[in-house]
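Below you'll find the structure, written out as structure tokens, and then a few comments.
Values quoted throughout were computed directly from the atomic coordinates according to the rules given, and no laboratory measurement underlies them. Because the structure is a prediction, the values reported are computed rather than measured. Every residue, glycine as well, gets a Cβ built from its backbone with ideal geometry; the counts of neighbours run over all protein chains shown.
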Amino acid sequence: MAGQIVRRGKDTYTVRIFLGRDADGKRKYFNKTIHGKKKDAEAYLTAKLREKDLGQFIEPASIPLNTFLDRWLEDVARIKVRLATYDGYEAKLKVHVRNSIGKKRLCDLEAYDIQKLYNDMIKRGLSAKTVRHVHNVLSPALKQAVKWKLINQNPCELCELPKLVKKEMKYFTPAETAIFLDYAKSDRYYTTFVLAIECGMRPEEYLGLQWKDIDFEHSRLSVRRVLIALKGGGFAFTEPKTAQSRRSIPLSQSAILALKSHRRTQLEAKMKIIDVYSDGDLVFPTEIGTPTLRGNLDRRHFKKILKSANEAITEANKENGSDNPLLPVIRLYDLRHTMATLLLSKGVNPKIVSERLGHSSIALTLDTYSHVLPTMQKEATEQIEKLMFG
């Protein structure tokens, strides 16, 4: 008998399909539990027997999803993506997937299970962006399971993803930028913040800069590597995020002067502790020459500068009876957004801004900074009016 249906309880059936005999002559079966009416089990059996007749039937893998994810991470993800991306994959699967559906057999995993996982994440208050990030890890993994003929179809492809809600982007205005940099002057990472705002680099890019990347003669810097923190501690230098991220950025004379001053100060401090100084030629190292990690720069310097600035502004308002606004509490990464927003709002060609950011396409730049477009459109309207009517 090619297949049979066995009732296991109310609205529960086992579909059993004969697969032949193994090397020892022992009968092999594929069993699938169907929750529903008998007609659902019959429909499933008919479909699988047809697949078997056409040579399209794949014996679904009975290994747990967690076991498969371990194999996928090691055999596929590790060799395809950057180290930081790989660590991100591991973390997302551990936090959001493994404990909820990881013990289910791969062959029993259905679109409903994954849809419920996504819905539960939203109910717990997680953002649509977080759900989509998890989906962007789990879906390629299960797509590989299809390629390896472990399952017939990727259940992630049948799931509905929550709609993204675009959050208002935070950045400094020109006046706020000047105030922030004024308060940052006493910090040893002042020049770091100058470059972060002027060049719009990602934190891992400017923290990975070496002095050989700075061309003082032609006033340019080159992004050749990034510094990432490793899971469990430590750091590593890796290739930039994309081909476009590997780029050259012109520097203003103000930035060049700040870099020269920073280098002199760095060399003087280095000579005082030369015996213990770890010289990696880094532009923005710690006091002993080791790489500055992004989290430390953010907590110990950037956030402290913001706090000090706002405390000073608050105190001055009390003393003078004024009402000067506080600096917005933005993220370290938002210094990159500050550069792009300020340039676009001043009418700089989006293509130039895109290249400066190291974006993979100008479409990405325009989509990311769409909040600037209404102002640009208004200015464009005024310009065309002048050209048409004088």
> Check residue 235: other-chain or 5+ apart residues with amide H under 5 Å from its amide H, H built from backbone geometry?
Replying inline: 230
> Relative to the compact globular guide of 2.2 N^0.38 Å, what is the alpha carbon radius of gyration of the chain, as a ratio?
Replying inline: 1.35
> If the cut-off is a Cα-Cα distance under 16 Å, which aspartates and glutamates reach residue 104, setting aside same-chain residues fewer than 8 apart in sequence?
Replying inline: 70, 113
> Toward the positive end of the charge dipole of the range 174-341, about the Cα centre and with charges on Cβ (Lys, Arg +1; Asp, Glu -1), which of 273, 196, 290 goes farthest?
Replying inline: 290
>> Skipping prolines and chain starts, which residues have an amide H placed within reach, meaning under 5 Å, of the one on residue 12, given they are 5 or more residues away or on another chain?
In response: 36
>> I need the fraction of alpha carbon pairs in the range 65-158 separated by more than 17 Å, rounded to a whole percent.
In response: 45 percent
> Relative to the Cα centre, what is the charge dipole magnitude of the range 65-158, using +1 at the beta carbon of each Lys and Arg, -1 at the beta carbon of each Asp and Glu, and rounding to the nearest 20 debye?
Replying inline: 140 debye
>> What translational diffusion coefficient, to the nearest whole µm²/s, does the range 3-54 have by Stokes-Einstein, given a Kirkwood radius computed over alpha-carbon pairs, a temperature of 10 °C and 1.306 mPa s viscosity?
In response: 138 µm²/s
> Pairs 170/303; 260/307; 170/260; 10/38: which are spaced more than 20 Å apart, C-alpha to C-alpha?
Replying inline: 260/307; 170/260
> Against the longest alpha carbon principal axis of the chain, how many degrees, from 0 to 90 and to the nearest 10, is the axis of helix 373-389 turned?
Replying inline: 60 degrees
>> Can you find, among 387, 253, 164, the residue sitting farthest towards the positive end of the charge dipole of the chain, where Lys and Arg contribute +1 and Asp and Glu -1 at Cβ?
In response: 164
> Looking at the range 325-390, what % of the alpha carbon pairs are farther apart than 20 Å?
Replying inline: 37 percent
>> Stokes-Einstein diffusion coefficient for the range 1-134 at 37 °C in a medium of 0.692 mPa s, Rh from the Kirkwood formula over Cα pairs: what value in µm²/s?
In response: 187 µm²/s
> For the chain, with the dipole built from +1 on Lys and Arg beta-carbon atoms and -1 on Asp and Glu ones, taken about the Cα centre, which of 326, 139, 369 lies farthest toward the positive end?
Replying inline: 139
> If you line up the Cα atoms of the range 161-304 on their principal axes, what length do they span on each, largest first, in Å?
Replying inline: 56, 39, 33
